[in-house]
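Presented below is the structure to which this report refers.
Rule-based calculations on the coordinates, nothing more; no lab input. Since the structure is predicted, the reported quantities are computational estimates derived from the model, not experimental observations. Positions of Cβ are generated from backbone atoms using ideal geometry, with glycine treated the same way; all protein chains shown enter the neighbour counts.
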Amino acid sequence: MPCILGNDFLNHFTVDIDGRSGRLRLFVAGTRVEDILGSNPHIGDKLQVKFGEGDMLWTKASVHGVVVRSQIDTGWGYATPNTALLNALGIQPRDNALVLRRAPDSLSGGARQFRSIDLPDLSFANIRQGVFVASLEEINLEAIESQSLPYLQIGWDILRSHRLIIDRKHKDVTLVP
C-alpha cells in the first residue's frame, strides 16, 4: 500500500531520494551530503535553493530561455507550468500542441488521462532536458496560477532519473545525475 511521507515527517531527517533505484533513505538530521556519498568522485551539483513555507524547495530554472521561479516537489507528478510561463513561450490555452496523454496512476494502479504539452529546453542545476512533458491538469493548480511571474512546478517525472539529497539542517540540497 503506498503511503505519503510529508515534510512534517521528513524535516526530522536528512533525506536521500534515489529516483533511479526507487529508494528512499533517511539519515539522522544534519548528516552531511558528503557523508552519504562517501568517496563518490562526482557528488553532483549543490542546488541554490531557498526553503519556503512548509520547507518547499525554491530554485531558479530556465525553459527555452525564459527564466522561471520553480519549486521542487517530490510529491508532485509532472512538471507543471503556470499561465505566465505558457504566455512567455507563446502558447495559448487552446494551442494545437496540447495533447491528451494517458499515464499510470501510482496510487490507484489504473491509468489517468491529462492534457499536456511538450516544452523545450528545461535547465536547472545539472539537469538539461531537451523536451519534457508538462501537465496542464495537476491537482491544486490554484497555487501554481497564483504565481504572477513565469513559474514551473518541478515534479517527480523530472527527478526520477536523479538522486536528490536534502540536508535541511545545513540547508544543503544536492542533485546527483
- Message: From Cα pairs below 8 angstrom and at least 6 apart in sequence, can you work out the relative contact order of region 46-158, rounded to a whole percent?
- Response: 37 percent
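Let's test the formula: R0 of 30 Å, r as the Cβ-Cβ distance of Glu145 and Ser39. What FRET efficiency results, to the nearest 0.05?
Details: r = 45 Å, r/R0 = 1.51.
Using R0 = 30 Å, I get an efficiency of 0.10.
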- Task: Run the quick spin-label model on Trp156 and Lys171: label points 7 Å from Cα toward the beta carbon, then report their separation in nm to one decimal.
- Result: 2.9 nm
- Query: Does the chain come out rounded, prolate or oblate by the C-alpha gyration tensor, with a ≥ b ≥ c the root eigenvalues, rounded set by a/c under 1.5 and, if not, prolate when a/b is larger than b/c and oblate if not?
  - Reply: prolate
- Query: Where in region 63-87 is the amide nitrogen less than 19 Å from a point lying 7 Å along the Cα-to-Cβ axis of Gln113?
  - Reply: none
